[in-house]
Amino acid sequence: MLIFYLSGMPMKLNKIPCLLFLLFLILFSGCHNTAKKRFVNEELRETAINKLKSTLNSDLTWEKVHAAEFLLELGYFNEVHDCFIEEQQNRGDELYYRIGIWRVLSQSAFRPEEKQQWLDSIVNVFENPDSPDRIHAAESLAKLNYFPFPENDEKVKPIIDGKHNSLWLYTLWGTAYSQDGDIEKVKNLLTDIVGKSYGPNSLRRLAAYALRNIKDVSIDNYESLKKAALNEPDTSAAYTHILTSALVNTPNDSLSVFPTKIWKQKLLEIISDPTKKNRHEALLGISESADRDQLPLLSSIITGKNEGSFGSELDIDNAASYVILRIDRRQKYTLHGWDKLVIAIYGIVMILIGWYFARKVKNTEDYLLGGRKMKPFIVGLSLFITMLSSLSFLSYSGEMIKNGPVVFIAMIIFPLIYYIVGWFLIPHFMKMKVTSAYELLEVRLGLNVRMLATFFFLTLRFFWMATIIYATINTALMAVIDIPSHYATYVGIVLMLVTILYTTIGGYKAVIATDAIQSVILWAGTILAILFVMIEFNSFTSWLPDHYLGHWAPFKWGVSLQERTTVGNTMIFLITWYVCTNGSDQMAVQRYLSTKDISSARRSFGISLIVTFIVKIFLALVGLAMIAYFTRNPHFLSYGQTLNEQADSLLPKFILIGLPVGLSGLVISAILAAAMSSLSSGLNSSSSVIHEDIIKRVIPRFVSSDPLKQVKKISFFVGIIAILLSLLVGNVEGNLLDVVIKVVNLFVAPLFVLFFMAIFIPFATSTGTIIGGLTSVLMAVAVAFWEFGGLKVFWIMPAAFIAGAIAGIIGSLVQKQIFD
């Protein structure tokens, strides 16, 4: 309730919905979510995992390799890697088995250089024609999708042109992954081999085995495989392999129709008959499409109720365990109805707040700046929540999971940032009673520079809002709401329309009030995530790592132009981002202008830094909590992806599987809170710039007699443009953090270059400043998309600022020399 008081909003408006909201949480937060019941019960899962781990810790050879690879696919990296490091030390010189050891180590290695070490070991064996285990090396390279030889290499060409045997087929398979390899050509050749019923069954069996591993054949090749599977006699040595190859390569829309159902049934008959050969292959064949109906059969195998006499029974048990765990990974989760109600209540409350403040907006200054009477504490909270969008909420926890604590340690630079912004930037803006930050540019350098700044700002903010919409929907909501992906656009439209509604109705005071509420929800979300991990571990601290994790980027203090993550690099990135953003971004400057004096503005910025520091530490702890939870429960990870590869999506996944009903909806609301806060601020500041800098200054004949109504209309159309642009963001390559830095922050430094010239360069000219701004854009694009000069992603803004400032200074000096 303190938030409502500080924002100037009376408690009586919010008392009823807030009490209802709290009552709802009390009644339903402990409810069991039936949607979270699993296909595979805890006992069966533990039995399957223990089967694989038992083999991993045995003295066997290839059974141990296969069990290790199953565990790796299922996310159990640490145990496997440690086990096979010991195997390498004890048995690394053992012919044949050494290939399996290196194959496992290459898949379990955390660092690229270690992975390459084991791949090179396999390559060395393949290159030696006299190696007894050369065939094993060829098969392993193909299975690892690694083949460092061109097709016409002198080591490969004699094999490809030679006798058609196992070595030839595995080498052919491997060429699909060479630098000049043609994977479709290889698929065609392998399919032709399978289709030749008169060919050697041993070669056809291996070709079918290769196609099962490669997957994703063309429709024509699938038709050929289908024909072969339908015509192959069940007495053929290649029969099981051809069935599994056809089943695995069946298009998704054909999995439930003839003849696919027949193939699956025949494979199940092979699996259920202990006298049959190739049960192991049949199990691997159904692993892609097995469901809960096959659990009784699979359970009977691993519990010893369906024993056989052919092949390695341990390999069959392990394969059955693997299929059970694959079924477990296909479990889908969705928010409970009560969770969705929490989210709906949240949206309604936001609209009510906008409606309340609509009655207090008297003029354009009230709408855009809150009458310049906003309290510093609330402005500071609002500034923090604006900058900490849903992108930050997801990407910072993901950064800790993937790369470790370097980015967070670099926040020790915050006092220097506070001094630079508070004493060198804020006073310049506060001395001038302006509505838009870009009025300062016009006073100092003329209208053309102001228009360029307006273009930079609007481009930056439009793509920023579009990326927030895209990331919030596709990374967070689509992970917790079980709806088809093509509905993402419609969900994004609803999200933006709610934001548009309360922003256009209530203006800046509504933005500030909702920001304050959303900051509380965001805090609650991070604390709840950590709290429930503590409950999972039954400890306050045992979930925290006691060492620097092996999959994190190496910890380095210094500065390196060619490395992404060092403490020095990150400090430079943070200084550049904060200085550029707070010295040019209308969303930040607007908050300072809404306070009464320089002291209040500094205090607001200081509050935002303190709160940002604390919350980012909490987000770092959330990242550590997610590492602990999913390391302990890897069966919740998506199949075939490491914890590292799922870093950005682990928090939304935890919301579903780790929290009770009601609390899941609350934390989703926190993510929505961060997104909607940033969107509302983007709408408000963008409409301010368009109205003040474009309509008033460039096309004054379009100024409405009712400017307040006009600004509201502008906010609405800005929101529509952001929705349309969000449809394009999905085409940008890279993970979430790459997209944020490369696209969203692309114009941050160029925009500040203009303000830097206006504030700190007394001889700056309009032409020189424009040259500096455009040069900065070119440098940002060159580093972001082509790594110009070998610079990595954290150097985009520093390089763009330095290049732009130098070009601007030189341009101004040249112009002064020529024309003065």
Q) Which loop-located GluC sites (Glu not before Pro) does region 147-237 contain, where loop means any DSSP state but H, G, I, E or B and the Cβ has at most 11 other Cβ atoms within 10 Å? A) Glu154
Q) Give or take rounding to whole Å, what are the principal axis extents of the alpha carbon atoms in region 66-150, in descending order? A) 35, 28, 22
Q.
Heavy atoms only, 1.4 Å probe, whole protein assembly: order Trp795, Trp786 by accessible area, highest first.
A. Trp786, Trp795
Q) Hey, how many Å between the Cα centroid of region 319-347 and the Cα centroid of region 644-667? A) 10 Å
Q: Take the alpha-carbon centre of region 154-214, take the same for region 77-113, and report the distance between them in whole Å.
A: 27 Å
(Q) Suppose the chain between Phe540 and Gln116 were pulled fully straight at 0.36 nm per residue; how much longer would it get relative to their current alpha carbon spacing? (A) 148.7 nm
Q. Cross-link partners among aspartates and glutamates for Lys696, C-alpha distance below 20 Å, same-chain residues fewer than 8 apart left out?
A. Glu365, Asp366, Glu439, Glu442, Asp585, Asp706
Q: Kindly write out, for region 325-336 in residue order, the coupling ³J(HN,Hα) from the Karplus curve 6.51 cos²θ - 1.76 cosθ + 1.60 (θ = phi - 60°), rounded to whole Hz, with x marking Gly and Pro.
A: 6, 5, 4, 4, 6, 7, 4, 9, 10, 8, 5, 5
Q: Mind pulling the per residue volume of the convex hull built on the Cα atoms of region 141-209? Å³ is fine.
A: 76 Å³
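Past 27 Å, Cα to Cα, is the threshold; run Lys431/Lys713; Lys51/Lys143; Lys64/Lys157 against it and keep the listed order.
Check vs 27 Å cut-off fails for Lys431/Lys713; Lys64/Lys157.
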Q: With a 1.4 Å probe and every protein chain left in place, tell me how much accessible area Trp577 has, in Å² to the nearest 10.
A: 50 Å²
**Q.** Distance from region 738-811 to region 535-586 (C-alpha centre basis), Å
**A.** 24 Å
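The values are calculated or read from the model by the stated rules, or taken from the named source; none is laboratory data. Keep in mind it's a predicted model, so treat the numbers as computed, not measured. A quick note on method: Cβ atoms are made from the backbone with ideal geometry, for glycine too, and the neighbour counts reach across all protein chains shown. Just so you know, the surface numbers come from the protein's heavy atoms only, side chains and all, with ligands and any DNA or RNA stripped out. Shrake-Rupley method; radii C 1.70, N 1.55, O 1.52, S 1.80 Å.
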